[in-house]
Every structure is written in structure tokens, then in C-alpha cells.
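Below is one structure, written out as C-alpha cells, with a few remarks after it.
Derivation of every value follows stated rules applied to the coordinates shown; laboratory data play no part. All values derive from a computational prediction rather than experimental measurement. All Cβ positions, even for glycine, are placed from backbone atoms using ideal geometry, and neighbour counts span all protein chains on display.
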Amino acid sequence: MSDSTASQASDASRVQLRLDDDWFAICDRTQLMPGRGLAALLPDGRQAALFLDREGRAYAIDNRDPFTGAAVLSRGLLGTERGRPFVASPLLKQRFDLETGRCLDDEEVSVAVHPVRVA
């Protein structure tokens, strides 16, 4: 292995979600781009939407939009309100807090939040 290949391998970090009592590897950190979402299929058939903000913090919520039932939140637009990160659904534009999963436009609705780490 060349020095540059060894360096790339040692710098590679994985994005992982906490599922039940273990961490599940989703993708290489390099596959997440700030401001863009990524959909991931989980072992139980659900989908998670992963995001990386411009400061490098990772977030993961369910990908299913509770208002339409479509698995589209990973394609939503990222933003902030009062310093809180959110994703706006690409369909009906409801905003979901990436830290709590709470809908900012309807306090009775939320999505699941998954603990995430980059290791």
C-alpha cells in the first residue's frame, strides 16, 4: 500500500447509527456533504435520513415524512431557526428539528431521531 493510500485509509471514518444496543455502520464520512441529505436503509427495513451541517455535526432522523408517508426527508432543505438545525420536507415544506425530531410547524407531529456518531 502506498503512503497516500495508507493515509487515506487511516483518515477514513464511518458514520454510525445507534440501533438497539449496538452501533450500525452506514457509510464513509466522505459520502456526507454539508447541506445535503443521504438516505440509508436500516436492517429492519426502515430508512434513516442523515445530514451533515456546515460545522461538521452529523444528524439522523427517520426518512419518512409523517404528513405524506413518502420516504423523502433526506432530500429536504437544511436550515436553522433560532440556532436550531432543521430539515424542510421537499413535499409540503414542514420543518423537522434535527436534534429532537419535533415538527416546527405542527407541535403534535414528530419523527424519530437516531443517535449518530462519526468514528
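Worth pointing out:
- Relative to the current alpha-carbon distance between LEU41 and GLU81, full extension at 0.36 nm per residue lengthens the span by 11.5 nm.
- Unit charges on C-beta of K, R, D, E only; dipole of the chain, Debye: 320
- Qualifying GluC sites (Glu not before Pro) for the range 40-111 [loop in DSSP, other Cβ within 10 Å: at most 11]: GLU55, GLU107, GLU108
- Rounded to the nearest Hz, the phi-derived 3J(HN,Hα) couplings of the range 84-95 under the Karplus curve 6.51 cos²θ - 1.76 cosθ + 1.60 (θ = phi - 60°) are 9, x, 9, 10, 9, 4, x, 8, 9, 6, 4, 9, where x marks glycine and proline.
- Cα centroid of the range 81-96 to Cα centroid of the range 37-55, whole Å: 16
- Seen from a random direction on average, the alpha-carbon convex hull of the chain projects onto 8.3 square nanometres.
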